[in-house]
Amino acid sequence: MTDEMLVPIHHEADIVVARQTGRDLAGKVGFLGSDLTLIATAISEISRNIVTYAERGEMAFSLVEDGQRRGICIIGRDHGPGIADVEQAMRDGFSTGRSLGLGLPGAKRLMDDFEIESVPGQGTTVIMKKWKR
């Protein structure tokens, strides 16, 4: 992995900065068109969850390689309330807020690799990767 680019997430406006940072880095890998939109959408979903549920956190972006594959790794971290039941949170339609409950499962569908770790009372980390085809 290359050095991480960090974007603090504290306010709605930070979501836009995170989206653009991710799009710019993905463009350097060679992602185009619809892939850039998918990546930006996943970034929006995860960073919006940080603002909504944890109030503050960060998005980290880095380039990754695995053999001949090149891609982008996006990590969303917060020290918020955490998710009591990750399996339930990953189901379409489940939400503890007033959303449609599509953010986490939607981000997972948009990316190639998706991991989530959450500890109630300590926070949540989401690791997503998209590989250039």
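The values are calculated or read from the model by the stated rules, or taken from the named source; none is laboratory data. Values in this document were obtained by computation on a predicted structure and should not be read as measured data. When we count neighbours, we look across all protein chains shown, and the Cβ atoms used for this are built from the backbone with ideal geometry, even at glycine.
The set of residues in the range 83-113 that are of a type in the set (Val, Ile, Thr) and at pLDDT below 85 contains only 96. Just one of the numbered conditions (1) modelled with pLDDT of 95 or more; (2) of a type outside the set (Asp, Glu); (3) surrounded by 14 or more Cβ atoms within 10 Å (Cβ to Cβ) is not true of residue 53: (1).
Residue-wise test of (1) more than 17 Å from residue 106 (Cα to Cα); (2) in contact with a Pro (Cβ under 9 Å, 6 or more places away or on another chain).
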{"site": "28", "(1), (2)": "yes, no"}
{"site": "33", "(1), (2)": "yes, no"}
{"site": "46", "(1), (2)": "no, no"}
{"site": "51", "(1), (2)": "yes, no"}
{"site": "54", "(1), (2)": "yes, yes"}
{"site": "62", "(1), (2)": "yes, no"}
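Conditions tested, residue by residue: (1) touching a Phe, Trp or Tyr at 6+ places or on another chain (Cβ under 6 Å); (2) part of a strand (DSSP E or B); (3) surrounded by fewer than 18 Cβ atoms within 10 Å (Cβ to Cβ).
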position	(1), (2), (3)
24	no, no, yes
34	no, no, yes
43	no, no, no
58	no, yes, no
81	no, no, yes
104	no, no, no
121	no, no, yes
130	no, yes, no
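Can you confirm whether residue 18 is touching a residue at least 12 places away in the same chain (Cβ under 8 Å), under 12 Å from the mean Cα position of the chain (by Cα) and in a helix (DSSP H, G or I)? Here the answer is yes, as residue 18 does meet what is asked. Across the range 1-15, the number of residues qualifying as surrounded by 13 or more Cβ atoms within 10 Å (Cβ to Cβ), in a helix (DSSP H, G or I) and not acidic (Asp, Glu) comes to 1.
For residue 69, state whether it is among the charged types (D, E, K, R) and over 19 Å from residue 123 (Cβ atoms). Before the answer, list the steps.
On the way: among the charged types (D, E, K, R): yes; over 19 Å from residue 123 (Cβ atoms): yes.
Spelling it out, residue 69 is indeed among the charged types (D, E, K, R) and over 19 Å from residue 123 (Cβ atoms).
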